[in-house]
Structure formats: C-alpha cells, structure tokens
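Asker: Structure in structure tokens, see below.
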Amino acid sequence: MTASSTEQSLPNAEVVHRAFRGSSESAKLKRSLALIFEVTAVATSGLLLFDYFKNSGQSALLLLAFAAVPVVLRLWADHDSGLARPWRREALSAYINGRDLGPAERVRVLRRVPWLASWLAARLPAQSLDEYYAATRQPGPQRNHEAYACSALYTAQLQKILFVSGLICLISVLIAVFVAMVLLFDSPPAAAVRDRLTQVLCSIVCAVVVLRLFEFTAKSFFAWRSAENTVSTLIESNHVTNEEVCRASLEYDFELVGSPTIPTWLYKLNRNRIEKVWKESLAALEAKWTTPTFESLDGGK
C-alpha cells in the first residue's frame, strides 16, 4: 500500500493519526517552553545567589513566577499527551487490521484536537500511516509484528540518545551547583534576613531542577532498556509466536505511557541513520517470514 492508498482506504484512521501526531507535537512544544522557563529560573537563581540584582525581593518574586509557569505548562502538556496516546493506538489498530475507523470516531477526535495541533501535524515528516510505520506486509499479524518492531527500534535508538544527553547535562549541572556552593561557603554570610531567605529560595529552585533532570535521565534509561527488550523480542529472536508478538506490543504500549517524549528535532536529525538500521532489521524479518513457522502466522501470506 502507498501513502495515497491509505488516504483512500483508511481516511478516518488517517485523520486520527494526524490528530495523534499533532497532539503529541503540541505536548512537546509546551514541554519545551517549560524547559526554557526552568533554565531561566536556574540562571536567575545563580545571579541572585551572587547578589547580581540590587532588589532581591522583587527578583525573588520573578524567580517564583519562572518556577511556577513550567508547572502549568507541563500539566497542559500532560493533557495533550493523554489525548494522543489512545488516538495512536486506534489509528495503528486500524492500519494493522486494514479496517477503517467509523465516522463517529473521527468526529469525536476532531472535537477534542488541541489548538494548533493540525497546524503542527502538517509540518511533520512522515505524515501518513504508511510513511510513519513503513509497513511492507499486508494487514494482519505480520503487519502488527512489523509496525511494532519499527516503532520499538526508533524508540530505542532515540531514547538512548536522550539518556546520554540527559546524563551529560545532569553531571554538568551537578558540577556547576557544587562549584557555586563552594564559592558561597567561602563568602561572608549575608547580613539581611531577606537576602538569606532569597538564597534559600534559589537553592530550592536549583535542587528541584536538578531532581527533575535526574528523573528525566532515569526515565530515559528505563524507556531505552524497555524498547530494547521489545526489539530483542520482535526482531532478534529466532522464533516468535503471534501470542508473543501481541504480548510484546501491549507491554510496549504500556511502557510508552511513562517514557519521556522524543523531541521532533532529534527524530529529524537521526531519521536517516535509524532508517538504515531498520532496513537491515526488516531484511532479517523478511527472511524469518519466509520460513513455514512465520508463514503460518499470517495464513500463508
């Protein structure tokens, strides 16, 4: 099937798929804005700790604002992600089985699509279901195997990059905080109670951001390892039954709920490289599907 064929045979599923992509992108945009505010809060904290601002009272209020805005943005992003997750499963299920969704599902999704989601989805690569999952098999168990194997491979590769990047940032921030604390301990104590409270507030903000960065790094690590396990089951195993494919797919969907979202720019930068890895893996799958064991799973197709 080509991209145009899915537009014709699965029009409602394509609409839901684009809603999933747009909603996911909307959540990523809000999380990116939250990250910018958090970095600004940390920078402001550092300047306050070293008495860069003359009016520390007003600066502390500004710091609280920078620290509060990311909380609102992340809650908003979680709402968009909560919409995107079931839409992804619905569109993927229709694509795997070759049966389109009903008009009622399409209308229900369109009523709840976040603001700017359609505009964001139109600017993403691989917009159609065929382009996104790059399936070569006919609808059925083998397409289910192929689609989830492709998704898991991309997720494992990108989450590994996220984990390494997060670990580097975490170590860098810890070193910076340690140096700042050493300099503060060597300096004379602040005379005013207000300045002392400001220093405490700045230290708390820095600690919260460091802990959030640690949480992000840990989640990236576990998401990477979980996706690697799915890849091992769906691609590297010599023999996989249809039941094992379904179980691995369900576990993969479950693990995606708590994993960090992958930035679109990271996907674009690594898309060609991972696509080469996927083509090599697909060749290995094709060789397995030609055996009688795998042919029997799809009725001899």
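The values are calculated or read from the model by the stated rules, or taken from the named source; none is laboratory data. Note that the coordinates shown come from a computational prediction; the quantities given were computed from them, not determined experimentally. Cβ placement follows ideal geometry from the backbone for every residue including glycine, while neighbour counts extend to all protein chains displayed.
Per-residue answers, yes or no, for (1) part of a helix (DSSP H, G or I); (2) within 30 Å of Ala117 (Cβ to Cβ); (3) modelled with pLDDT of 90 or more:
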position	(1), (2), (3)
Glu25	yes, yes, yes
Leu35	yes, yes, no
Phe53	no, no, no
Gln58	yes, no, no
Phe66	yes, yes, no
Val71	yes, yes, no
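Asker: Follow-up question, since we're still on this one. Does segment 183-191 contain any residue that is modelled with pLDDT under 90 and surrounded by 20 or more Cβ atoms within 10 Å (Cβ to Cβ)?
Answerer: no
Asker: Right, here's the next one. Residue pairs, Cβ under 8 Å, 6 or more apart or interchain, first in segment 101-113 and assigned by TED's automatic domain parsing to the domain that holds His17, second exposed (fewer than 13 other Cβ atoms within 10 Å of the Cβ) and in a helix (DSSP H, G or I). List them.
Answerer: none
Asker: If the Cβ limit is 7 Å and pairs must be 6+ apart or interchain, which residue in segment 116-140 that is under 14 Å from Tyr267 (Cβ atoms) pairs with which residue that is β-branched (Val, Ile, Thr) and surrounded by 15 or more Cβ atoms within 10 Å (Cβ to Cβ)?
Answerer: Sorted first by the residue in segment 116-140, then by its partner, the pairs are Leu124/Thr264.
Asker: Give me a count of the residues in segment 203-229 that are touching a residue at least 40 places away in the same chain (Cβ under 8 Å) and among the basic types (Lys, Arg).
Answerer: Adding up the residues that qualify gives 2.
Asker: Of the residues that make up segment 218-228, is at least one within 12 Å of Ala149 (Cα to Cα) and of a type in the set (Phe, Trp, Tyr)?
Answerer: no
Asker: Follow-up. Can you name the condition, by its number, that Val200 falls short on among (1) surrounded by fewer than 17 Cβ atoms within 10 Å (Cβ to Cβ); (2) at pLDDT 65 or above?
Answerer: Here Val200 meets the rest and fails (2).
Asker: Further question on the same structure: Being buried (at least 18 other Cβ atoms within 10 Å of the Cβ), of a type in the set (S, T, N, Q) and modelled with pLDDT of 90 or more: is that true of Ser45 here?
Answerer: So Ser45 does not fit the description; no.
Asker: I need a count of the residues in segment 224-265 that are in a helix (DSSP H, G or I) and surrounded by 14 or more Cβ atoms within 10 Å (Cβ to Cβ).
Answerer: Count: 23.
Asker: Answer yes if at least one residue in segment 87-99 is assigned to a loop (DSSP other than H, G, I, E, B) and within 20 Å of Val16 (Cα to Cα), and no otherwise.
Answerer: Looking only at segment 87-99, we keep the residues that are assigned to a loop (DSSP other than H, G, I, E, B), and these are 98-99.
After this cut, where a residue has to be within 20 Å of Val16 (Cα to Cα) as well, the list is 98-99.
Looking through segment 87-99, at least one residue is assigned to a loop (DSSP other than H, G, I, E, B) and within 20 Å of Val16 (Cα to Cα).
Asker: Among (1) closer than 17 Å to Pro11 by Cβ; (2) at pLDDT 85 or above, where does Gln127 come up short?
Answerer: (2)
Asker: So which pairs qualify, if the first residue must be in segment 230-242 and farther than 11 Å from Tyr148 by Cβ and assigned by TED's automatic domain parsing to the domain that holds Glu146, the second must be modelled with pLDDT under 80 and not in a loop (DSSP other than H, G, I, E, B), the Cβ gap must be under 7 Å, and the two must be at least 6 apart or on different chains?
Answerer: His239/Thr293; Asn242/Leu297
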